[in-house]
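First up is the structure itself, then whatever we jot down about it.
The values are calculated or read from the model by the stated rules, or taken from the named source; none is laboratory data. Values in this document were obtained by computation on a predicted structure and should not be read as measured data. Cβ placement follows ideal geometry from the backbone for every residue including glycine, while neighbour counts extend to all protein chains displayed.
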Amino acid sequence: MTGHDAEPGPTARQERKFVAAGWPPAVLTALLAGHPARFRRHHPPRWVNSLYYDTPRLDAYRATVEGATQRSKLRLRWYGPLLPSGSETALELKTKVGLIGYKRRRPVEGFCAGGDRPGWRLADLPGPAPTRALRWRGWRPVVVVRYRRAYLLSADGRFRVTIDTDLVYHRPSALQGRAGRGWAVRHGPVVELKYALDADADAPGVAAALPLRLSRSSKYAGGIARLYAGHPEVEPPA
């Protein structure tokens, strides 16, 4: 691909997830401020929305729950209201190879939701691959994951922490104005420690200073398990 069809190369990073059940967000923020890495607010808190795509047999979901050494997730992400209107939107491809994660991100201009053709099908999205690539043919929207995220950064700028609260799952029909109440999850905040590969040697010490339990939790897998429980194959809206 050349010119405007070229996608930026993937960014590589590692992350560790923790479930902070019983920890109020304000207490977590104070805890991180007193952490040896001295975490401080990096970005104003905001609502994060992710529309995940998968095959009819949920191959991406199965790879996640089975712990496949190499797996991918494809999602559309935007910020603010559940029904976006001119908000920053991007198509993101996340690939995990062993413990290392890679992410490709491409802005999607003019994304909108609502109506009979809400514009979130892969075939409707403007722009280059991966939406046009053969490997994504047949993938369809399966779940919307929504939560409120706080952002913190270590004093040396090498480690990021996000704190996710108020997690809610919706079916894709939410983007046609039929959200209903969604499925609220109340297991406590999810804390993620993120860092570039060159900080890997110091990461265990940073993680050890957090009095939290490590977790393999996946918001995407949790949403599928709740919305499609008992259905080995699903047929979301085409």
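Just give me the residues in the range 65-89 being touching a helix residue (DSSP H, G or I) at 6+ places or on another chain (Cβ under 6 Å) and surrounded by 21 or more Cβ atoms within 10 Å (Cβ to Cβ), in sequence order.
Scanning the range 65-89 gives a single hit, Lys73.
Can you report the number of residues in the range 11-32 which are out of contact with any Lys or Arg (no Cβ under 7 Å at 6 or more places or on another chain) and either more than 24 Å from Tyr220 (Cα to Cα) or of a type in the set (Val, Ile, Thr) (or both)?
6
What are the residues in the range 154-184 that are surrounded by 18 or more Cβ atoms within 10 Å (Cβ to Cβ) and either hydrophobic (A, V, I, L, M, F, W, C) or part of a helix (DSSP H, G or I) (or both), if any?
Correct list: Phe159, Val161, Ile163, Leu167, Val168, Pro172, Ala174, Leu175.
Could you please give the count of residues in the range 51-68 that are in a loop (DSSP other than H, G, I, E, B), over 21 Å from Ser173 (Cβ atoms) and either touching a residue at least 60 places away in the same chain (Cβ under 8 Å) or among the aliphatic types (A, V, I, L, M) (or both)?
Going through the range 51-68 one residue at a time, the tally reaches 2.
Which residue, of Arg75, Arg71, Arg46, is within 16 Å of Arg216 (Cβ to Cβ), assigned to a strand (DSSP E or B) and touching a residue at least 12 places away in the same chain (Cβ under 8 Å)?
Arg71
Looking only at the range 30-64, count how many residues are among the hydroxyl-bearing types (Ser, Thr, Tyr) and surrounded by fewer than 18 Cβ atoms within 10 Å (Cβ to Cβ).
1
If you go through the range 69-89 one residue at a time, how many are under 19 Å from His170 (Cβ atoms) and modelled with pLDDT of 85 or more?
11
Being in a helix (DSSP H, G or I), modelled with pLDDT of 90 or more and out of contact with any Gly (no Cβ under 6 Å at 6 or more places or on another chain) is the requirement here; does Asp198 meet it?
Considered against the rule, which asks whether it is in a helix (DSSP H, G or I), modelled with pLDDT of 90 or more and out of contact with any Gly (no Cβ under 6 Å at 6 or more places or on another chain), Asp198 comes out as yes.
Residue by residue, here is whether (1) small (Gly, Ala, Ser); (2) modelled with pLDDT under 85; (3) in contact with a strand residue (DSSP E or B) (Cβ under 8 Å, 6 or more places away or on another chain) holds:
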site: Leu93; (1), (2), (3): no, no, yes
site: Val108; (1), (2), (3): no, yes, yes
site: Arg117; (1), (2), (3): no, yes, no
site: Gly157; (1), (2), (3): yes, no, no
site: Ile163; (1), (2), (3): no, no, yes
